[in-house]
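Inspection log for the structure reproduced underneath, given as C-alpha coordinates.
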Protein chains: 2
Amino acid sequence: MNIGEAAEQAGLPAKTIRYYEEIGLVAPDRSENGYRDFSDTHIHKLKFLSRSRNLGFSIEDCRVLLSLYEDKNRASGEVRDVAKEHLSAIETKIAELQSMHATLSHLVHKCHGDDRPDCPILDELSA
Amino acid sequence: MNIGEAAEQAGLPAKTIRYYEEIGLVAPDRSENGYRDFSDTHIHKLKFLSRSRNLGFSIEDCRVLLSLYEDKNRASGEVRDVAKEHLSAIETKIAELQSMHATLSHLVHKCHGDDRPDCPILDELSA
DNA sequence: CCTTGACCTTCCAGTGACTGGAAGGATTAT
DNA sequence: ATAATCCTTCCAGTCACTGGAAGGTCAAGG
(Lines give C-alpha, C1' and ligand atoms only; values in the text may rest on other atoms or scores of the structure.)
Protein backbone atom coordinates (compact mmCIF):
# COMPACT_ATOMS: atom_id res chain seq x y z
CA MET A 1 0.00 0.00 0.00
CA ASN A 2 1.15 3.56 -0.71
CA ILE A 3 2.25 6.01 1.93
CA GLY A 4 -1.06 7.89 1.93
CA GLU A 5 -3.07 4.88 2.97
CA ALA A 6 -0.33 3.78 5.36
CA ALA A 7 -0.52 7.19 6.99
CA GLU A 8 -4.25 6.91 7.40
CA GLN A 9 -4.07 3.37 8.77
CA ALA A 10 -1.30 4.19 11.21
CA GLY A 11 -2.67 7.57 12.20
CA LEU A 12 0.60 9.29 11.37
CA PRO A 13 1.39 12.02 8.82
CA ALA A 14 3.11 10.77 5.68
CA LYS A 15 5.97 13.16 6.43
CA THR A 16 6.53 11.49 9.76
CA ILE A 17 6.58 8.05 8.19
CA ARG A 18 9.22 9.17 5.70
CA TYR A 19 11.18 10.55 8.60
CA TYR A 20 10.88 7.25 10.46
CA GLU A 21 12.23 5.47 7.42
CA GLU A 22 15.11 7.93 7.19
CA ILE A 23 16.17 7.23 10.77
CA GLY A 24 15.79 3.50 10.30
CA LEU A 25 12.68 2.76 12.34
CA VAL A 26 10.79 1.22 9.47
CA ALA A 27 11.88 -0.08 6.08
CA PRO A 28 9.05 -0.29 3.56
CA ASP A 29 9.58 -2.00 0.20
CA ARG A 30 9.54 -0.04 -3.03
CA SER A 31 7.21 -0.54 -5.96
CA GLU A 32 8.53 -0.40 -9.52
CA ASN A 33 7.59 3.23 -9.80
CA GLY A 34 9.70 4.10 -6.78
CA TYR A 35 6.74 4.55 -4.44
CA ARG A 36 7.04 3.13 -0.94
CA ASP A 37 5.07 -0.07 -0.48
CA PHE A 38 3.83 -0.85 3.02
CA SER A 39 2.75 -4.32 4.13
CA ASP A 40 0.52 -5.08 7.09
CA THR A 41 3.64 -5.78 9.11
CA HIS A 42 4.92 -2.30 8.36
CA ILE A 43 1.60 -0.81 9.37
CA HIS A 44 1.72 -2.79 12.57
CA LYS A 45 5.13 -1.36 13.33
CA LEU A 46 3.98 2.16 12.56
CA LYS A 47 1.03 1.77 14.90
CA PHE A 48 3.39 0.49 17.56
CA LEU A 49 5.49 3.61 17.07
CA SER A 50 2.46 5.86 17.15
CA ARG A 51 1.23 4.38 20.43
CA SER A 52 4.67 4.53 22.00
CA ARG A 53 5.13 8.15 20.97
CA ASN A 54 1.67 8.96 22.33
CA LEU A 55 2.85 7.60 25.67
CA GLY A 56 5.70 10.06 25.47
CA PHE A 57 8.53 7.65 24.73
CA SER A 58 11.44 9.25 22.90
CA ILE A 59 12.40 8.03 19.46
CA GLU A 60 15.38 6.23 20.95
CA ASP A 61 13.14 4.57 23.52
CA CYS A 62 10.88 3.53 20.66
CA ARG A 63 13.82 2.04 18.84
CA VAL A 64 14.67 -0.03 21.91
CA LEU A 65 11.07 -1.05 22.50
CA LEU A 66 10.68 -2.10 18.88
CA SER A 67 13.79 -4.22 18.99
CA LEU A 68 12.63 -5.82 22.23
CA TYR A 69 9.27 -6.39 20.63
CA GLU A 70 10.89 -8.19 17.75
CA ASP A 71 13.17 -10.23 19.96
CA LYS A 72 11.02 -13.17 20.93
CA ASN A 73 13.47 -14.08 23.68
CA ARG A 74 13.62 -10.72 25.41
CA ALA A 75 13.17 -10.56 29.14
CA SER A 76 10.07 -8.60 30.08
CA GLY A 77 12.22 -7.00 32.78
CA GLU A 78 14.09 -5.04 30.12
CA VAL A 79 10.89 -3.59 28.77
CA ARG A 80 9.75 -2.82 32.27
CA ASP A 81 12.98 -0.95 32.97
CA VAL A 82 12.56 1.29 29.94
CA ALA A 83 8.97 1.98 30.93
CA LYS A 84 9.82 2.67 34.56
CA GLU A 85 12.58 5.07 33.60
CA HIS A 86 10.14 6.90 31.41
CA LEU A 87 7.50 6.89 34.12
CA SER A 88 9.79 8.63 36.54
CA ALA A 89 10.75 11.18 33.87
CA ILE A 90 7.04 11.87 33.46
CA GLU A 91 6.65 12.24 37.20
CA THR A 92 9.50 14.73 37.33
CA LYS A 93 7.99 16.74 34.51
CA ILE A 94 4.57 16.76 36.14
CA ALA A 95 6.07 17.97 39.41
CA GLU A 96 7.90 20.79 37.62
CA LEU A 97 4.76 21.86 35.85
CA GLN A 98 2.72 21.72 39.03
CA SER A 99 5.23 23.90 40.77
CA MET A 100 5.09 26.43 37.94
CA HIS A 101 1.34 26.26 38.02
CA ALA A 102 1.16 26.90 41.74
CA THR A 103 3.39 29.95 41.57
CA LEU A 104 1.75 31.36 38.52
CA SER A 105 -1.85 30.84 39.54
CA HIS A 106 -1.08 32.50 42.85
CA LEU A 107 0.25 35.50 40.97
CA VAL A 108 -2.65 35.60 38.55
CA HIS A 109 -5.09 35.66 41.47
CA LYS A 110 -3.20 38.48 43.13
CA CYS A 111 -3.27 40.59 39.98
CA HIS A 112 -6.45 42.62 39.65
CA GLY A 113 -5.97 42.65 35.89
CA ASP A 114 -7.50 45.95 34.92
CA ASP A 115 -6.39 49.14 33.17
CA ARG A 116 -4.08 50.23 35.96
CA PRO A 117 -0.36 49.62 35.51
CA ASP A 118 0.18 48.15 38.98
CA CYS A 119 0.85 44.43 38.52
CA PRO A 120 1.96 41.85 41.11
CA ILE A 121 3.00 39.44 38.36
CA LEU A 122 5.61 41.80 36.98
CA ASP A 123 6.58 42.78 40.51
CA GLU A 124 7.36 39.17 41.28
CA LEU A 125 9.23 38.57 38.04
CA SER A 126 11.40 41.59 38.65
CA ALA A 127 11.79 41.16 42.40
CA MET B 1 30.83 43.82 34.47
CA ASN B 2 31.96 41.02 32.15
CA ILE B 3 29.75 38.20 30.98
CA GLY B 4 31.17 35.72 33.48
CA GLU B 5 30.09 37.70 36.47
CA ALA B 6 26.82 38.64 34.81
CA ALA B 7 26.15 34.94 34.30
CA GLU B 8 26.80 34.22 37.94
CA GLN B 9 24.65 37.11 39.14
CA ALA B 10 21.77 36.28 36.87
CA GLY B 11 22.02 32.53 37.33
CA LEU B 12 22.22 31.95 33.60
CA PRO B 13 24.98 30.36 31.49
CA ALA B 14 27.10 32.87 29.57
CA LYS B 15 26.14 31.08 26.37
CA THR B 16 22.49 31.74 27.10
CA ILE B 17 23.14 35.41 27.73
CA ARG B 18 24.93 35.73 24.40
CA TYR B 19 21.98 34.03 22.81
CA TYR B 20 19.58 36.45 24.48
CA GLU B 21 21.60 39.31 23.09
CA GLU B 22 21.53 37.76 19.64
CA ILE B 23 17.74 37.58 19.64
CA GLY B 24 17.44 41.10 21.03
CA LEU B 25 16.27 40.45 24.59
CA VAL B 26 19.14 42.31 26.17
CA ALA B 27 21.66 44.81 24.79
CA PRO B 28 24.78 45.11 26.93
CA ASP B 29 27.33 47.84 26.24
CA ARG B 30 30.79 47.02 24.95
CA SER B 31 34.07 47.80 26.63
CA GLU B 32 37.05 49.05 24.60
CA ASN B 33 38.43 45.54 24.35
CA GLY B 34 35.23 44.31 22.76
CA TYR B 35 34.00 42.52 25.88
CA ARG B 36 30.34 42.84 26.77
CA ASP B 37 29.74 45.21 29.66
CA PHE B 38 26.68 44.58 31.83
CA SER B 39 25.17 47.20 34.14
CA ASP B 40 22.90 46.49 37.09
CA THR B 41 19.96 47.24 34.85
CA HIS B 42 21.07 44.54 32.44
CA ILE B 43 21.47 42.09 35.31
CA HIS B 44 18.00 42.98 36.49
CA LYS B 45 16.64 42.23 33.04
CA LEU B 46 18.50 38.94 32.89
CA LYS B 47 17.09 37.90 36.26
CA PHE B 48 13.65 38.83 35.03
CA LEU B 49 14.20 36.58 32.04
CA SER B 50 15.55 33.79 34.17
CA ARG B 51 12.52 33.86 36.47
CA SER B 52 10.09 34.04 33.57
CA ARG B 53 11.76 31.13 31.82
CA ASN B 54 11.68 29.16 35.07
CA LEU B 55 7.94 29.66 35.13
CA GLY B 56 7.84 28.12 31.71
CA PHE B 57 7.12 31.22 29.65
CA SER B 58 8.35 30.98 26.07
CA ILE B 59 10.97 33.36 24.80
CA GLU B 60 8.30 35.25 22.90
CA ASP B 61 6.19 35.51 26.06
CA CYS B 62 9.27 36.82 27.83
CA ARG B 63 9.73 39.42 25.16
CA VAL B 64 6.16 40.60 25.66
CA LEU B 65 6.44 40.54 29.45
CA LEU B 66 9.67 42.52 29.33
CA SER B 67 8.16 45.15 27.11
CA LEU B 68 5.14 45.38 29.39
CA TYR B 69 7.47 45.62 32.34
CA GLU B 70 9.25 48.53 30.74
CA ASP B 71 6.05 50.27 29.73
CA LYS B 72 5.07 52.23 32.83
CA ASN B 73 1.60 52.75 31.42
CA ARG B 74 0.75 49.19 30.63
CA ALA B 75 -2.53 47.81 31.84
CA SER B 76 -2.03 44.97 34.32
CA GLY B 77 -4.82 43.19 32.43
CA GLU B 78 -2.46 42.62 29.53
CA VAL B 79 0.07 40.93 31.75
CA ARG B 80 -2.63 38.88 33.33
CA ASP B 81 -3.81 37.70 29.91
CA VAL B 82 -0.36 36.46 28.97
CA ALA B 83 -0.05 34.69 32.30
CA LYS B 84 -3.51 33.15 32.10
CA GLU B 85 -2.88 31.87 28.59
CA HIS B 86 0.30 30.28 29.82
CA LEU B 87 -1.46 28.84 32.85
CA SER B 88 -3.94 27.03 30.72
CA ALA B 89 -1.17 25.71 28.47
CA ILE B 90 0.47 24.32 31.61
CA GLU B 91 -2.80 22.75 32.65
CA THR B 92 -3.18 21.09 29.28
CA LYS B 93 0.34 19.75 29.46
CA ILE B 94 -0.15 18.41 32.97
CA ALA B 95 -3.33 16.65 31.91
CA GLU B 96 -1.55 15.03 28.98
CA LEU B 97 1.27 13.84 31.17
CA GLN B 98 -1.10 12.52 33.79
CA SER B 99 -2.96 10.57 31.16
CA MET B 100 0.30 9.07 29.91
CA HIS B 101 1.29 8.33 33.46
CA ALA B 102 -1.95 6.55 34.23
CA THR B 103 -1.74 4.32 31.19
CA LEU B 104 1.91 3.56 31.62
CA SER B 105 1.88 2.89 35.35
CA HIS B 106 -1.03 0.55 34.84
CA LEU B 107 1.03 -1.36 32.28
CA VAL B 108 4.15 -1.38 34.41
CA HIS B 109 2.18 -2.88 37.28
CA LYS B 110 0.73 -5.55 35.05
CA CYS B 111 4.17 -6.56 33.78
CA HIS B 112 5.87 -9.08 36.03
CA GLY B 113 9.24 -7.83 34.79
CA ASP B 114 11.36 -10.93 34.97
CA ASP B 115 13.38 -13.09 32.58
CA ARG B 116 10.38 -14.42 30.73
CA PRO B 117 9.55 -12.86 27.37
CA ASP B 118 5.85 -12.43 28.06
CA CYS B 119 5.19 -8.70 28.46
CA PRO B 120 1.86 -6.85 28.79
CA ILE B 121 3.57 -3.55 27.97
CA LEU B 122 4.62 -4.70 24.53
CA ASP B 123 1.28 -6.44 24.10
CA GLU B 124 -0.49 -3.18 24.64
CA LEU B 125 1.83 -1.19 22.40
CA SER B 126 1.32 -3.67 19.59
CA ALA B 127 -2.36 -4.33 20.16
C1' DC C 1 -4.73 11.76 -26.61
C1' DC C 2 -4.60 15.45 -23.39
C1' DT C 3 -5.28 17.61 -19.34
C1' DT C 4 -6.32 18.07 -14.60
C1' DG C 5 -5.74 16.83 -10.08
C1' DA C 6 -4.27 13.88 -6.63
C1' DC C 7 -0.70 11.35 -5.39
C1' DC C 8 4.19 10.29 -4.94
C1' DT C 9 9.46 11.35 -4.93
C1' DT C 10 13.81 13.86 -3.07
C1' DC C 11 16.08 17.62 -1.03
C1' DC C 12 16.63 21.72 1.71
C1' DA C 13 15.41 24.79 5.36
C1' DG C 14 13.16 26.04 9.66
C1' DT C 15 11.27 25.26 14.39
C1' DG C 16 12.76 26.48 20.12
C1' DA C 17 16.01 27.44 23.09
C1' DC C 18 19.82 26.61 23.72
C1' DT C 19 24.60 23.87 23.93
C1' DG C 20 29.24 22.34 22.47
C1' DG C 21 33.35 23.22 20.38
C1' DA C 22 36.94 25.35 17.47
C1' DA C 23 40.01 29.16 16.60
C1' DG C 24 41.84 33.02 18.22
C1' DG C 25 42.37 37.62 21.02
C1' DA C 26 42.69 39.82 26.00
C1' DT C 27 43.73 39.78 30.71
C1' DT C 28 45.62 38.22 35.01
C1' DA C 29 48.76 35.69 37.97
C1' DT C 30 53.04 33.65 38.69
C1' DA D 1 57.67 35.07 29.64
C1' DT D 2 54.36 32.00 30.14
C1' DA D 3 50.36 29.66 31.60
C1' DA D 4 45.71 29.85 32.92
C1' DT D 5 41.61 31.94 32.53
C1' DC D 6 38.57 34.83 30.40
C1' DC D 7 36.55 36.77 26.39
C1' DT D 8 35.22 36.99 21.23
C1' DT D 9 32.84 35.07 16.86
C1' DC D 10 31.14 31.48 14.07
C1' DC D 11 29.48 26.97 12.94
C1' DA D 12 27.20 22.74 13.96
C1' DG D 13 24.19 19.82 16.63
C1' DT D 14 20.16 18.77 19.53
C1' DC D 15 14.79 16.60 19.08
C1' DA D 16 11.14 15.19 16.27
C1' DC D 17 9.27 16.66 13.11
C1' DT D 18 7.08 20.21 9.51
C1' DG D 19 6.78 23.13 5.35
C1' DG D 20 7.75 23.93 0.83
C1' DA D 21 9.89 23.65 -3.79
C1' DA D 22 10.65 21.09 -7.96
C1' DG D 23 9.44 17.42 -10.37
C1' DG D 24 7.79 12.35 -11.57
C1' DT D 25 3.41 9.04 -11.73
C1' DC D 26 -1.19 7.67 -12.05
C1' DA D 27 -6.39 7.50 -12.64
C1' DA D 28 -10.45 9.85 -14.39
C1' DG D 29 -12.86 12.86 -17.51
C1' DG D 30 -13.46 15.29 -22.00
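The values are calculated or read from the model by the stated rules, or taken from the named source; none is laboratory data. Just so we're clear, the structure is a prediction, and the values are computed from it rather than from any experiment. Positions of Cβ are generated from backbone atoms using ideal geometry, with glycine treated the same way; all protein chains shown enter the neighbour counts. With ligands, DNA and RNA removed, areas are computed over all heavy atoms of the protein, side chains included. Shrake-Rupley method; radii C 1.70, N 1.55, O 1.52, S 1.80 Å.
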Among A:ILE59, B:THR103, A:ALA6, the residue whose Cα sits farthest towards the positive end of the charge dipole of the protein assembly as shown (+1 at Cβ of Lys and Arg, -1 at Cβ of Asp and Glu, taken about the Cα centre) is B:THR103
Helix-only [θ] at 222 nm, chain A, -39500 (n - 2.57) per DSSP H run of 4+, per residue, nearest 500, equals -22000 deg cm²/dmol
Restricting to lysines and to Cα separations under 21 Å from A:LYS47, and discarding same-chain partners fewer than 8 apart, the set is A:LYS15, A:LYS72
Charge tally for neighbours of A:HIS42 with beta carbon under 14 Å away, counting Lys, Arg as +1 and Asp, Glu as -1, is -2
Shortest first and in nm, the label-point separations between B:THR103 and its counterparts in the other identical copies (7 Å out along Cα→Cβ) come to 3.1
Inter-part gap, Cα centre of the stretch A:1-43 to Cα centre of the stretch B:39-87, in whole angstrom, is 44
If you rotate chain B onto chain A, the residue of B with its Cβ nearest that axis, and the gap in whole angstrom, comes out as B:ILE94, 3
Note on chain B: contact order normalised by length, alpha-carbon pairs under 8 Å, 6 or more apart, percent, works out to 15
Whole-percent carbon and sulfur contribution to the accessible surface of the stretch A:53-93 (1.4 Å, no ligands, DNA or RNA) stands at 46
